[in-house]
1. If you stretched the chain out fully between THR71 and ARG37, how much longer would it get, using 0.36 nm times the residue separation minus the C-alpha to C-alpha distance?
2. Which value, in Å³ per residue, describes the convex hull spanned by the Cα atoms of the range 26-92?
3. Would you list which lysines come within 24 Å of LYS36, measuring only between C-alpha atoms, while excluding same-chain residues fewer than 8 positions from it?
Amino acid sequence: MRNFLNFPVLLFLTLGLIGLAQAAPSLEDQITALTKRSFKVKMTAVQNLAATGDARVVPILEALLVGRLYTRRSDNKVVIAEKKVGFISFMNHSL
């Protein structure tokens, strides 16, 4: 009987965790949000990316800070511009 009473609690917790996992935007979605016009959207994306602790987001956030983060028109991928002698190259930082 006692195990039967614990089942609803366990089910509630499990479904809650699944819901949280599904609600969290992916890393790629957060990086794409950095290129949106809305400052509020960008700020939320920066906070979410920083909270991940993932080292892969450091160069992306640094590029945003210095104004080198762009969206490539051909495929809407977020890229980092690097100034080379005589031209600008773009690096695709896909995750």
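1. 11.0 nm
2. Hull volume over Cα atoms, normalised by residue count, gives 89 Å³.
3. Within the straight-line limit of under 24 Å, LYS36 reaches these lysines: LYS77, LYS83.
Every number here is computed from the coordinates shown, using simple stated rules; none is lab data. None of these values were measured; they are calculated from a predicted model.
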